[in-house]
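What follows is a single structure, and I will ask about it in a moment.
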Amino acid sequence: MEYAIGVGLAVLAGLFLSSAGLDRDRAAYPVILIVIAVLYELFAVMGGSTTALLSELLPTAVFVAVSVLGFRTSLWWVVAGLIGHGVYDILHPAIFTNPGAPVWWPMFCMAYDVAAGVFLSWRLMRLRGPQAGFA
């Protein structure tokens, strides 16, 4: 169920961003990746674990850096960051102990991240010329 909900929400969010014109600004998907990346810090705070909070900072910094790189150069970096975060989600429980993260979160977030990355990839391939960077 976590996978279906993650994919469904990512597709609905992508369709909403596109239909509302919010993705015309090339910052939309990089900001989404940043929000996705900092959620593990939120879970660490909710779980009251300073150790988890500190251990989550480096991976989050990597995804934030990829977001900024993608914003400044090519949104294909953001595609890679979203799909990469999906891989990170699956590996996360084996690498980190974060008491605030729900048990179902890695599956949900992986599905959302990969679906969002595929959706953005589809948008980038569908658009040509000046619109390919969204603005």
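The values are calculated or read from the model by the stated rules, or taken from the named source; none is laboratory data. Note that the structure is a prediction, hence the values are computed from the model and not measured. Reconstructed Cβ throughout: ideal geometry from the backbone, glycine too, with neighbour counts over all protein chains shown.
Residue by residue through segment 16-48, note down the ones that are closer than 13 Å to Phe119 by Cβ, over 16 Å from the mean Cα position of the chain (by Cα) and of a type outside the set (S, T, N, Q).
Phe16
Quick check on Ala115: is it among the small types (Gly, Ala, Ser), closer than 21 Å to Glu2 by Cβ and buried (at least 16 other Cβ atoms within 10 Å of the Cβ)?
Here the answer is yes, as Ala115 does meet what is asked.
May I pose another question? Restricting attention to segment 77-91, which residues are buried (at least 22 other Cβ atoms within 10 Å of the Cβ) and either farther than 20 Å from Glu56 by Cβ or touching a residue at least 40 places away in the same chain (Cβ under 8 Å) (or both)?
Answer for segment 77-91, where residues must be buried (at least 22 other Cβ atoms within 10 Å of the Cβ) and either farther than 20 Å from Glu56 by Cβ or touching a residue at least 40 places away in the same chain (Cβ under 8 Å) (or both): Val78, Val79, Gly81, Leu82, His85.
Further question: Filter segment 92-110 for residues that are farther than 16 Å from Glu56 by Cα and over 10 Å from the mean Cα position of the chain (by Cα) and give the result.
Correct list: Val103, Trp104, Met107, Phe108.
Which ones in segment 23-76 are among the basic types (Lys, Arg) and crowded, with 16+ Cβ neighbours inside 10 Å?
Looking only at segment 23-76, we keep the residues that are among the basic types (Lys, Arg), and these are 24, 26, 72.
The one that is among the basic types (Lys, Arg) and crowded, with 16+ Cβ neighbours inside 10 Å: Arg26.
Also, I was wondering about something else. Name the residue, out of Ala115, Ala37, Ala80, Ala61, that is farther than 27 Å from Phe16 by Cα, assigned to a helix (DSSP H, G or I) and at pLDDT 95 or above.
Result: Ala61 is the single residue among Ala115, Ala37, Ala80, Ala61 that is farther than 27 Å from Phe16 by Cα, assigned to a helix (DSSP H, G or I) and at pLDDT 95 or above.
Please verify whether Pro102 is over 18 Å from Leu22 (Cα atoms), assigned to a loop (DSSP other than H, G, I, E, B) and modelled with pLDDT of 95 or more, treating the condition exactly as stated.
yes
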